[in-house]
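Notes follow the structure.
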Amino acid sequence: MEHRSIEEEACLPHKHISLLGKEIYLYRELTSTNSVARQMAVSGAAEGTIVMSRSQSAGRGRMRREWHCPPGKGLLLSMILRPQISVQFVPQLTLLTAVVVAETIKIVTGCAAGIKWPNDIFINDKKVCGILAESSFSKSNFEYIIIGLGINVNLGIHHLPSDCQKTSTSLSLELGENVSRVKLLKQFIISWDEHIRGFVKAGHPYLRDKWIKNNVTLGENVIVNKDDSCLHGLAVDISENGGLIVRLADGSLQEFLAKDVSIRKRF
Ligand code: BTN
């Protein structure tokens with residue numbers, strides 16, 4: 001594989017290591033780990049290849065938002081997947097990633113991390129991690145999926161953008177001490193390998209069970225923003241499409257897909 005063709009990058013990989021069976025490319029700085037992982041996927045990188053960076057100059061979030069994290073303070077990584085599944089099941093992989101991240105944080109820090117649908121990780125009602133999945137497919141076949149995640153690990157309150165200080169947190173803020181990014185990475189790989197095996201073997205029932213055990217959304221009154229409308233309801237389940245099933249005021253059940261809506265908790 002030829003990484004020198006990644007023209008958008010300012011620097012070459014800082015280091016290439018193999019860890020727990022995964023090929024990992026570590027950078028000091030790049031634009032976005034998702035962008036570099038995508039380039040590597042196009043060049044034929046193997047399933048499970050991970051791109052990590054200490055910092056990103058153009059980190060991306062969902063809904064065209066930006067993702068900021070000071071150098072070395074977060075776990076910023078993207079993993080290349082080439083699953084043999086049909087297009088409609090891809091959202092389940094992001095839900096599965098959320099399960100893996102929530103479990104990783106619980107095991108490494110003991111913090112009660114919970115999933116807010118679709119795939120944000122919260123501790124004490126504040127966001128600590130976001131997940132961004134980007135895929136490429138032709139007809140109904142997948143070429144690759146890039147799963148990117150950004151965990152706020154050792155950020156102080158002053159590192160968080162001012163408009164996020166009430167709504168976001170970091171592991172060190174919650175724990176009162178710094179957390180090892182290497183420990184998090186290793187546990188992420190161990191948990192990923194366990195849960196992807198379970199998901200490939202048993203499908204949606206496996207995912208649903210794990211997601212429900214780790215979520216903080218079901219049973220909440222939520223406000224769903226879709227196009228220009230704003231719907232109120234009770235979050236009751238997740239679907240095989242990775243959608244959120246909401247019981248609306250008239251008693252009907254409606255499925256919402258992550259690409260169409262954003263949700264807020266109704267207090
Ligand atoms: C969100 O909450 O909106 C998703 C944020 C995802 C951020 C991560 S950081 C590593 C990877 N590279 C990116 O450019 N984005 C994801």
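Just so you know, all these numbers are worked out from the coordinates, no wet-lab data involved. Note that the coordinates shown come from a computational prediction; the quantities given were computed from them, not determined experimentally. No Cβ is skipped: glycine too gets one built from the backbone with ideal geometry, and neighbour counts run over all protein chains shown.
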Over the range 80-135, consider all pairs of different Cα atoms and compute the Kirkwood hydrodynamic radius from their mean reciprocal separation; express it in Å, one decimal.
-> 11.9 Å
Full extension between LEU20 and SER138 adds, at 0.36 nm per residue less the Cα distance, a length in nm of 39.3 nm
Helix runs (DSSP H) in the chain reaching 27 Å along axis by Cα, Kyte-Doolittle at least -0.5 = 90-109, 181-202
Connecting every pair of Cα atoms under 10 Å apart in the chain and solving the GNM, the largest mean-square fluctuation among PRO83, PRO161, PRO91 falls on PRO161
Selection from HIS204, SER229, PHE188 lying farthest towards where the dipole of the range 176-267 points positive, charges on Cβ = PHE188
Mean projected area in nm² (Cα convex hull; one quarter of hull surface) for the chain = 14.4 nm²
At q = 0.19, 0.21, 0.22, 0.23 Å⁻¹, what log₁₀ I(q)/I(0) does a Debye calculation on the Cα points of the range 131-219 give, no solvent, two decimals?
-> -1.16, -1.22, -1.24, -1.25
In nm, spacing of pseudo-spin labels at ASN124 and LYS213 (7 Å Cα→C-beta vector) | 2.6 nm
Specify, per residue and in Å³, the volume enclosed by the convex hull of the alpha carbon atoms belonging to the range 115-267.
-> 155 Å³
Among LEU218, ILE146, LEU160, flag the residue with its Cα farthest along the positive direction of the charge dipole of the chain, charges on Cβ as +1 for Lys/Arg and -1 for Asp/Glu.
-> LEU160
Once you list every other residue whose beta carbon is under 11 Å from the beta carbon of GLU134, what net charge do they have if Lys and Arg are +1 and Asp and Glu are -1?
-> +3
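Is there a quick way to get the dipole size of the chain? I mean about its Cα centre, with the Cβ of Lys and Arg at +1 and of Asp and Glu at -1; what is the value in debye to the nearest 20?
440 debye
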